[in-house]
1. Given the criteria free of Cβ contacts under 8 Å to residues at least 12 places away in the same chain, within 16 Å of the ligand (Cβ to nearest atom) and under 23 Å from the mean Cα position of the chain (by Cα), does Arg152 qualify?
2. Please specify each residue of the stretch 246-277 satisfying the condition of being over 22 Å from Arg325 (Cα atoms), within 23 Å of the chain's Cα centre (by Cα), more than 9 Å from the ligand (Cβ to nearest atom) and surrounded by fewer than 18 Cβ atoms within 10 Å (Cβ to Cβ).
3. For the stretch 369-419, how many residues are assigned to a loop (DSSP other than H, G, I, E, B) and more than 16 Å from the ligand (Cβ to nearest atom)?
4. Which residue, of Val283, Val324, is within 27 Å of Ser205 (Cα to Cα), within 16 Å of the ligand (Cβ to nearest atom) and not assigned by TED's automatic domain parsing to the domain that holds Glu387?
5. What's the number of the only condition in (1) in a loop (DSSP other than H, G, I, E, B); (2) more than 14 Å from the ligand (Cβ to nearest atom); (3) of a type outside the set (Asp, Glu) that Leu315 fails to meet?
6. Looking only at the stretch 202-230, count every residue that is near the ligand (Cβ under 10 Å from one of its atoms), out of contact with any Cys (no Cβ under 9 Å at 6 or more places or on another chain), over 10 Å from Gly428 (Cα atoms) and among the polar types (S, T, N, Q) and tell me the total.
7. Being over 20 Å from Gly12 (Cβ atoms), at pLDDT 95 or above, hydroxyl-bearing (Ser, Thr, Tyr) and within 22 Å of the chain's Cα centre (by Cα) is the requirement here; does Thr211 meet it?
8. Could you check Ala327 against (1) farther than 27 Å from Asn221 by Cα; (2) within 30 Å of the chain's Cα centre (by Cα); (3) surrounded by 17 or more Cβ atoms within 10 Å (Cβ to Cβ) and say which number it fails?
Amino acid sequence: MRLAVIGTGYVGLVSGVCFAELGHEVVCVDLDAEKIDKLRRREVPFYEPGLKELIEVNSAAERLTFTTDLTAAVQRSDIVILAVGTPSLPSGEANLSYIKKAAEEIGRALNGYKIVVTKSTVPVGTNEAVSRIIAQHASYSFDIASVPEFLREGTAIRDTMAPDRIVIGTLSDRVRQTLTELHAPLTANILITDIRSAEMIKYASNAFLATKISFINEISNICEKVGADITRVAEGMGYDKRIGSSFLQAGIGYGGSCFPKDTQALIQLAGNVQHDFKLLKSVVEVNREQRMKVIIKLEQLLGELQGRTIAVWGLSFKPNTDDVREAPSLDIIGELIVRGAIVRAYDPIAADNFRRMIGTDAVAYCGSAIEAAEGADAICLLTEWPEFKELDLRQAGAAMKSRVMIDGRNVYTQEQLESAGYQSYSVGRAA
Ligand code: UGA
């Protein structure tokens, strides 16, 4: 099939590349000419394991092309996939202006029947609005479908090629048949539903996962006080198939471009229909407070942070990505700076993005975790990059002023930290 994918962010680029890999002819569209030029040179705008290789192979096979010309891309395609961003407005609501603008342009570009698929995460009812906008500008018939995306950064290719499920929101038989065929090579459960339910599935799924994380973080806070170990508690809970073991990793809370934005958007969506989503509001609040535990524990162990040197290990919102959007590191380092601490940070790949995002020169960026630890009063581990697990804690400790470790992701066992001479705090373990 011939596909046009509008938007080359995470969702758009990964989906486009994976559909090309499945043998379809894909053209990816973006307004950003510089980004398109880079992609044509096979340079990837963000770090995602395996993506560069797939771009290279599929570009060489001429199944994958890149353009800024939305009209031409739409006109040569059977299916148009909308994957533009839906960032948060100050109110927390999703900003739909990019979606609406793209819908208008798609409408004008139509030169025959097409299926327009929305992959962007959009509030319930948005697909109907998109359909109205396209209809206002189009002289040809079209159908609309909601096919939400469930990929995770860092494992995006695997999640797309081997998804747990594919949700297709449509009431049209023609669309159902075509989209079932499009996804046929992926051996996943396909759920066909109405459009509004498909839109809701995406928000409800992200909100539920965020709830699991805040729940386990709350349990971890109680574990610390009653002398239980959160790792064992989560393990014991996870064996129950009704609960499941994933997303029960206690830590300093969730970040990223999805959970913070989508939980807020769902709270707003509920509010718009006079439903006070109390549970989800608490999930967000717990997540905000969980980040601050790093600061509280540091102050308990070191006293005032003014003039103290703090090494920060990990800046990205999770490992295997250079994405720092809504990363706990932004809030935590912000607080350290406010309290007058000297921050020495290390991340294997996210330092440049962090530097651009934080908007201050007050952080020293180091070339390695050990270098960051030099002269430090404490280390705060904020992202569980695999290399931290392998690291020689004694060597890091030898470079420090005092051996204090805030292990925000429970990367180390207490025995490891104790035997390397650290005074430490790990999440959800009795001190
Ligand atoms: C999330 C969802 O997992 C995807 O299914 C969804 O498609 C995506 O959002 C999206 O809406 O586009 P992502 O944000 O890439 O994916 O990353 P996750 O692996 O879900 O991690 C999110 C945050 O939760 C990270 O900060 C991670 O450190 C944290 N987390 C995750 C925990 O603190 N504990 C856990 O047990 C799991």
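1. On the way: free of Cβ contacts under 8 Å to residues at least 12 places away in the same chain: yes; within 16 Å of the ligand (Cβ to nearest atom): yes; under 23 Å from the mean Cα position of the chain (by Cα): yes.
Yes, satisfied.
2. We begin by selecting, within the stretch 246-277, every residue over 22 Å from Arg325 (Cα atoms); these are 246, 269-277.
Remaining after also requiring within 23 Å of the chain's Cα centre (by Cα): 246, 269-270, 277.
Narrowing the set further to residues that are more than 9 Å from the ligand (Cβ to nearest atom) leaves 269-270, 277.
Ala270, Phe277 - these are the residues of the stretch 246-277 that are over 22 Å from Arg325 (Cα atoms), within 23 Å of the chain's Cα centre (by Cα), more than 9 Å from the ligand (Cβ to nearest atom) and surrounded by fewer than 18 Cβ atoms within 10 Å (Cβ to Cβ).
3. In the first step, residues of the stretch 369-419 are kept if they are assigned to a loop (DSSP other than H, G, I, E, B); the result is 374-377, 382-385, 391-392, 400-403, 408-413.
With the extra rule that they be more than 16 Å from the ligand (Cβ to nearest atom), the set shrinks to 374-377, 391-392, 400-403, 412-413.
Total satisfying the criteria: 12.
4. Numbers: Val324 fails: not assigned by TED's automatic domain parsing to the domain that holds Glu387.
Result: Val283 is the single residue among Val283, Val324 that is within 27 Å of Ser205 (Cα to Cα), within 16 Å of the ligand (Cβ to nearest atom) and not assigned by TED's automatic domain parsing to the domain that holds Glu387.
5. Condition not satisfied by Leu315: (2).
6. Matching residues across the stretch 202-230 total 2.
7. yes
8. (1)
The values are calculated or read from the model by the stated rules, or taken from the named source; none is laboratory data. As the structure is a computational prediction, the values presented were derived from the model and not from experiment. Heads up, the Cβs are rebuilt from the backbone with ideal geometry, glycines too, and the neighbour counts pull from every protein chain shown.
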